[in-house]
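Worksheet: one structure, shown below.
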Amino acid sequence: MNRGLVKFLSLFIADKEKKQAFRVKYDAIERLRQKIMNERVRISNLSSRIGYFNGLCADNNTADYYTGLKCGHVFTKAEHEQNVKNLKANLEEESLNNLNRILGWADKVKYLRILEPKLFYTPEEYEEYKAYVDMKYEIEKKEDYFQYKNYKLPVNFFYPNVFLYKNGMHTLKTLNKMSETHVIIDGGGCIEDSALVFREFCPNHKIISFEPAKPIYELGLKTIELNNLQNVKYENLALGDKNEDIRINMYGNDNIGANSITNSNDNNAIQGKSIRLDDYVKEHNLKVGLIKTDVEGFEQQLLEGAIETIKEQKPILMISIYHNYHDFYKIKPWLESLNLGYKFNFFKGIDNHPCGETLLIGEIY
């Protein structure tokens, strides 16, 4: 009811006191209505902000994978604590400190509802975090590609773990001992972003990348062309424990690196092929100096298909272990059980996630 209508209705009230009371009551109702509208707007704004901040929170899977909470891989607290103990076993001081820092971040997830960086990181870590933030503003859009520093990609997919933290390559202790006759195996080559960093650290080594998803593989070919990458072999294949046809879940343009091998008949899945690295190495008579994997939780199968190469050639290992609880806690003890003499380290950059992009690094020295 608007004020004009109230005034019109009040004309039919002859008693002046009743007329005034009518208008006062209306004014009170109008103020209450306006207050309710303001509250609705405030609640709507708060809901939007909560939705935004929830996006900064680690999801339940993150907490499960890295803290042992209801993840289905452990059934008692004691079992989880034993897995942590096994993960920490036989580590040198530097490696143990790196692991404790990562586990410390994971532990904070249980107590922080919002991963606000100033609450989550120490002051020293927060300074490093600023470089991660700055990176986003240094990416330039060109006519038909994107550029960050000297790196060019056909799509805006500059992951900090690759381009800011260099896949942890600077932490390797034996890289300079790797002969130029040894090849680098890039399992989960995606759009050849890691190949750009490998070329930076190993300018004369042959790089062999494996990417099974055809649409992503075609983007990788553009990356090779844009950056004039030389001595790179790019295979439209997955690395696994079998030579077989596979299905690959495609997650769209929001995260082209998250495509994964699946057993489901999802409509988004496409066809591909996987091979055992051992068979590929024998077929091409390769000397392998480094194996990097980031295959969305298919790491164990890849390693089992590369077991003979690992045993015989003992390459540097850079294994992504952040995709699930098993990989995080079980791959290191499994590799240690082979008694090959590997020493292990952990690497993770600061990227506003407690444990994402964690690398297990294995070297013999």
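The values are calculated or read from the model by the stated rules, or taken from the named source; none is laboratory data. What you see is a predicted model, and the numbers here were worked out from it, not measured in a lab. Glycine also receives a Cβ, built like all others from the backbone with ideal geometry; neighbour counts cover every protein chain displayed.
At-a-glance table
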| read-out | value |
| --- | --- |
| Exclusive hit being touching a residue at least 60 places away in the same chain (Cβ under 8 Å) and charged (D, E, K, R), set Glu304, Glu299 | Glu304 |
| Residue tally, condition part of a helix (DSSP H, G or I) and under 25 Å from the mean Cα position of the chain (by Cα), over the range 262-308 | 7 |
| The range 309-342, residues that are hydrophobic (A, V, I, L, M, F, W, C) and assigned to a helix (DSSP H, G or I) | Ile310, Phe328, Ile331, Trp334, Leu335 |
| Condition met for Ala269 (of a type outside the set (Asp, Glu), over 26 Å from Glu180 (Cα atoms) and in the same structural domain as Tyr342 (by TED's automatic domain parsing)) | yes |
| Unmet criterion (only one of (1) surrounded by 16 or more Cβ atoms within 10 Å (Cβ to Cβ); (2) modelled with pLDDT of 95 or more) for Lys85 | (1) |
| Pairs, first farther than 24 Å from Glu200 by Cβ and assigned by TED's automatic domain parsing to the domain that holds Asp193 in the range 225-244, second of a type in the set (Asp, Glu) and surrounded by fewer than 19 Cβ atoms within 10 Å (Cβ to Cβ), C-beta under 6 Å, six or more apart | Asp241/Glu304 |
| Residue list for the range 343-365, filter: outside any loop (DSSP other than H, G, I, E, B) and surrounded by 20 or more Cβ atoms within 10 Å (Cβ to Cβ) | Phe344, Asn345, Phe346, Phe347, Leu359, Leu360, Ile361, Gly362, Glu363 |
| Test: residue in the range 235-244 that is under 21 Å from Lys142 (Cα atoms) and either of a type in the set (Ser, Thr, Tyr) or more than 21 Å from the chain's Cα centre (by Cα) (or both) | no |
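Yes/no per residue for (1) within 17 Å of Gly240 (Cβ to Cβ); (2) in contact with a helix residue (DSSP H, G or I) (Cβ under 6 Å, 6 or more places away or on another chain); (3) surrounded by fewer than 24 Cβ atoms within 10 Å (Cβ to Cβ):
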| residue | (1), (2), (3) |
| --- | --- |
| Lys292 | yes, no, no |
| Val295 | yes, yes, no |
| Gln300 | yes, no, yes |
| Ala306 | yes, yes, no |
| Thr309 | yes, yes, yes |
| Lys314 | no, no, yes |
| Met318 | no, no, no |
| His326 | yes, no, yes |
| Tyr329 | no, yes, yes |
